[in-house]
Every structure is written in C-alpha cells, then in structure tokens.
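Report on the structure given below.
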Amino acid sequence: MKYDEKVSEPLTPHGGKSFGGATGSAGRQAETAKKVRTRFAPSPTGYQHVGGIRTALFDWLLARQNKGKFVLRFEDTDKKREVAGADKHLIKTLRELGLEYDEGPDIGGPFAPYRQSERLKSYQEWGQKLIQMSRAYADPYTPDEVQTFREQAKAGKVPFLFRNHRPKNPPQWEPGRPLRFKSEPKAYKWKDEVMGQMHAGPEAIDDFILIKSDGYPTYNFAHIVDDAEMEISHIIRGQEFLASVPNYLNLYETLGLKPPILATVPHILGPDGNKKLSKRDGAKDVLDYIRDGFLPDALINFIASLGWNDGTEQEVFSRADLIKKFRLGDVGHSGAKFDEKRLLWLNGHYIRQQSPESLFEISENFWPKSAAGAKEAYKKSVLGLVQERLKFLAELPELTSFFFSEPGIKTVRSLFNEPVDKQLQKIEASEYPGLLQATLTELKASDFSEEDIGRRLNGLLESLPSKPGILFAAVRIAVTGSQSSPQLFGTLQVLGKQKVLARIKQAIEAL
RNA sequence: GGCCCCUUCGUCUAGCGGUUAGGAUAUCUGGUUCUCAUCCAGAAGAUCGCGGGUUCGAAUCCCGCAGGGGUCACCA
C-alpha cells in the first residue's frame, strides 16, 4: 500500500499499516499530490520576521490554491529555548496577516495534538520500531566525548561524522540516553520544487540523534514522524535544512515512508551585507509592522515578491492574484535583500487604494490622542486630506494632530521668525502681520466652502503685492503650525471657520 | 576543510541562443500656475562576478576560477 493511497487508517509504526520495505529511490516524489496539506511549523522561541512568515505564506498560498489544508504545528521540543507566550504571539501574527490555518494547536483538527511536546508517545513508538529493525541504537558516549570526536574532526579538517564512532555493542536504550539513527550511507538524487534536481553523496549521511536524553525528539526525527502522521504533502523550509535532506531521505526510506514534496526557499538577507536576516541583527517582528499600520495585504504582497515573481511585469498582487498565480517553481534560487523602502512604497500604494470607509476602519487605532472626542464625519474628512501622503498608519498623528489640537504658538512664531520656507524668505518679516490681517478680513466674509476659500484667497492675491506661494505659506504656518500640510483650501474648510480665524488671529498677536 | 546552494541597474526582479538587456523601487530633473505628498513626463543607473570554450551569434549552453551563503548540534 502506498502512503498517499491511505484513506482512513491512522498511520502508526505498527499495526494496520505495512511498511513494505524501502521504496527503492526514496527521492521519488509524488508527482500529483491528491490532497495538498501544507504546514507551518515554527518553534515557539520568539517572534517571526519576514523570512519565517514567507514560508508560512507560501504554505498558505499552496493550500488555498489547491483547496487543501494549511496546518499550524508547534515544534516545541527544545525546552531550553522556549519562550513563554511565543505560541500566542505567533498565532496572533498569522491571524493579523490573514493567514488562517485549518488545523492547529488552538483549534484542533483530525490529527491533533498539534504540539510536538504532546506527541511524545508517537516518537517513542516510531523509535521503538527503529530499534526493533536494528536501525536505531543508544548513544553510549557522554556529550564531552562526542565533543572530543568533533574537535578531532575539525582539527583534521574533515567533516564530523558520528557514524565513524558507531559503537559495536551499544547498550540497551533507556531514559537518559540519546537514541541515534543507524544510517545506511548512500548517494541520493531528489527533486526540490524550488531548487530543482539535487544530489548528494554518502558523505552527507550520518547517525543523527532521534530522541534526546531528555526524552524529547529532535527536529530531524519529529518533523518526519509528524508530517507522515499528519499526511503533509509539501514541506517548504529555509535553505538551512538543505544539507540535511539526504539524512531525511535515508530515514524516510528506512521507515518505508514516501517523502512529501520538498521545497527549499533561499534565505531573506538583511539590508546590509549578505547575511541571513536574523533577529540578532534587528530583523523586525512582522507583528510590529502590523502595529505600525502596514496593511496585511501590502505585507503579504511584499513578502511574496521577495524571491517570487510570475515572469510578468506585474508588481502589485492581490491575495486572490497570489493564490491564482503562485508557483513554487517560480521562486528564485538566490537570497533577496529586505529593503524596507520598497515596502513603504507598496504600503502607501495600498493605503491610497482604500475606500474612505475602509480607510476609516483600519485607521481606528492610529489617531492622535487629541482626536479622542472627534466626530466620525470630521475624522473622515481629515483622512480624505491625508490619504495620499500616508505611508503607514502610524504616521497619522504627526500628519493630523493640528486638526485636533492647537498648533504650539512657539512653533508658529519660530517658523515665522526663522523661516525655513523658501517662499517666506522672499519678504521681510515685518510684512507677515499685514498678510495675515488681510486674510483674516477676507475669510470672515467666507461661507468656508473649499471653493469660496479658494476664490477669496486667490482674489486677495490680486490686491496684494504677494505671490501665491508667500501668502499660502504664511496662512499654512499660522493655521497648521507646520510648513507642509495637505492642500490648503481643503485643510481650512475641514478645520472650519471658527478655528481658522482664531488661529490666524493668534498668529498675528504672536508676531 | 568536506559537501551543497547562489552570483543581471543601489534594491526587488524580467530574461531561458539573436533584445537599444525590460519593469518596479530608490535617486535626480521638469510639469500638474500653494508647500509636502500624489499623479504625469524625462534623466541617470547593469561592459549580465571573472576566465576560457561551444556557436555565424551567449546574460542565456559547457568547463574552470573567484566571491558570497548554508551545513557538518542532545537548535530548529
């Protein structure tokens, strides 16, 4: 019976399932997976940066594209590195990004539990199976002894292979001792959906640890057992695992398991140098981007385009587009540098595409404190003015605070007294009050529609010696306390007659 | 050191034997008779890592080399 034909019987190392021996070439892949089941399997040791999320995204895309299932599994087998709360944080990250999973630790599923620490029985059983087959043995050495072997290898400039020290008569396996795989070194050829045809010689294969002395399995063992039991069809992972694939193939073969389709994605590189993006070098938590007001769709689009491209000149991909067009084979083979500037552009693009309604919704938590009591209609008008200049939503306070609180009189005064504004520099400081006074008089008679404000200010220019740039700069500073703002007439209209007149008056007095 | 992967404008990339090596972003310039932003137009920017082949013709195929990266854990 072939692995992918199994219908209902649970896969276990014994009973109900025959292992029919090795499949010959363990590298043979399932050409057509009947059911696509992908998994994202992080260890809860912290947050995820764009590199980790990218594999999750590819997994998710593949599952959605094929109407399959996307599974979340926690690989919490290293108790020393585990970080409390990291699991919830990861779940939140996936949720916020809209990468919903169909089975997972918190929502369960047909192959529960989805936490490796709760699946120890499975690993024990599969380990026993290997022992019975004489394909696993207890490691008799102390960590120090193994370390010595390792150092000898290093000194001799040869790769360290534990199997060179394989004991002739290993002791009985018992708790407290590591269990090692007894490998059968040989050459492998296999296909990687991203990297293409791969090969490795027997030197790549070693007796790796299956179960650690603390009773927890290693990643190398646990992921193979779990992927088989959970009927995972595709494994997408970073290139740090590429060198281990021959070991995995050897184990799959020994267990009579057909390997899932393998896909290796290159690392995402940090902005400087060519090093793999890492938390150590300040790689940001993807959830922090969400908190800064980067839109999930923009992040998804951006992360997908890091290394993936459909061969066209399209740059902006909706989620539906990605689901339709994503192909593992179109993922590049080289690492891509993470350039935040590009993300900034893309996010701005997505913000500009928002309808007024949806922009209002997603902006909800980003307003300045002073906007707390403001009316919805007013906020929407403000958004209409700043939409095209927002790069991410956390910029909202600095762009809009003057709509909700008075600009500091000190700021206004210094902008007039030491004008950095090129237009203002063209006239004498003594002329400012006159300009503002004339504006005040003119606007008092306005109905404060955008059109009327425009008409009146432009009319004012005809009776004044001032150039448009100078008058408008003066009014802008007086009213907003800043030398740049959204377009002036609209800004004045939204602010309203009362506030505008009061601020101009105040500015005149301050001069 | 062994094994493996990678190498096109600053950055993300298209390209799969014949192209003025294309797009996007970033940068700069001009325009949209108010700033900033947006938008539009334009400029600059890649001797396709290097050296050999194969070919009438190579970024594209082959072989070397160099540089970068990964791995050789009781981490994943």
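None of the figures in this text is laboratory data; all of them are computed from the coordinates on show. Bear in mind the structure is a predicted one, so any value in this text is a computation, not a measurement. Backbone-built Cβ (ideal geometry, glycine too); neighbour counts: all protein chains shown.
At A:GLU418 and A:GLU151, where each label point lies 7 Å from the Cα along Cα→Cβ, what is the point-to-point distance in nanometres?
If labels sit at A:GLU418 and A:GLU151, their model points lie 6.3 nm apart.
Considering only DSSP beta bridges whose two residues both sit in chain A, what percent are antiparallel, to the nearest 5?
Taking every DSSP beta bridge with both residues in chain A, the antiparallel ones total about 50 percent.
Please list, by residue number, every one of the trypsin sites (Lys or Arg not before Pro) in segment A:237-316 that is coil in DSSP and has at most 13 other beta-carbon atoms within 10 Å.
Passing both the DSSP loop test and the Cβ count: A:LYS275.
So between A:LYS275 and A:LEU344, what do we pick up on full extension, going 0.36 nm a residue minus the alpha carbon distance?
Contour length minus Cα-Cα distance gives 22.6 nm.
Out of segment A:283-344, which GluC sites (Glu not before Pro) are coil in DSSP terms and have no more than 14 other C-beta atoms within 10 Å?
Sparse-neighbourhood loop GluC sites (Glu not before Pro): A:GLU313, A:GLU315.
Determine, for A:SER117, A:SER466, the number of other Cβ atoms within 10 Å of each Cβ, and report the residues in order from fewest to most.
Lowest count first: A:SER117, A:SER466.
Please report the Cα spread of chain A along all three principal axes, rounded to whole Å, starting with the longest.
That works out to 103, 50, 40 Å along the principal axes.
As I understand it, the value is the acute angle between the Cα axis of helix A:468-480 and the longest principal axis of the Cα atoms of chain A; what does it come to in degrees, rounded to 10?
Computed tilt is about 70 degrees.
Rounded to whole Å and sorted largest first, list the principal axis extents of the Cα atoms in segment A:374-511.
Cα extents, longest axis first: 39, 32, 24 Å.
What are the lysines whose alpha-carbon lies under 20 Å from the alpha-carbon of A:LYS69, with same-chain residues fewer than 8 places away excluded?
Straight-line reach from A:LYS69, under 20 Å: A:LYS6, A:LYS34, A:LYS35, A:LYS92, A:LYS258, A:LYS324, A:LYS325.
Label A:ASP321 and A:SER484 with points 7 Å out from Cα along Cα→Cβ: what is the distance between them in nm?
Between A:ASP321 and A:SER484, the label points sit 2.8 nm apart.
Can you list the GluC sites (Glu not before Pro) in segment A:376-471 that are in a DSSP coil and have 15 or fewer other beta carbons within 10 angstrom?
Qualifying residues, ordered by number: A:GLU428.
Inverting the mean 1/r over all pairs of different Cα atoms, compute the Kirkwood radius of segment A:101-236 and quote it in Å.
Final number for the Kirkwood radius of segment A:101-236 is 16.9 Å.
Using a Cα-Cα cut-off of under 18 Å, which aspartates and glutamates could be cross-linked to A:LYS157, ignoring same-chain neighbours fewer than 8 residues away?
A:GLU203, A:ASP206
Treating only the Cβ of Lys, Arg, Asp and Glu as charged (+1, +1, -1, -1), what charge dipole size does chain A show about its Cα centre? Round to the nearest 20 debye.
Once rounded to the nearest 20, the dipole reads 700 debye.
How many nm separate the modelled label positions at A:ALA187 and A:SER405, each set 7 Å beyond the Cα in the direction of the Cβ?
7.2
Compute the helix-to-body angle for A:50-65: its Cα long axis versus the longest principal axis of chain A, expressed 0 to 90° and rounded to tens.
Taking Cα atoms only, the helix is inclined about 80 degrees.
Arranged by the count of other C-beta atoms within 10 angstrom, fewest first, what order do A:SER484, A:SER355, A:SER43 take?
A:SER355, A:SER484, A:SER43
Under 13 Å from the Cα of A:LYS191, which aspartates and glutamates turn up, not counting those fewer than eight places away in the same chain?
Hits, sequence-local ones excluded: A:GLU31.
Quick one: length gained pulling A:GLN172 to A:GLU451 fully straight, 0.36 nm per residue minus the C-alpha distance?
Full extension of this stretch gives 91.4 nm more.
Return the Cα extents of segment A:301-459 along principal axes one, two and three, sorted largest first, each rounded to a whole Å.
Largest first, segment A:301-459 extends 69, 35, 32 Å along its Cα principal axes.
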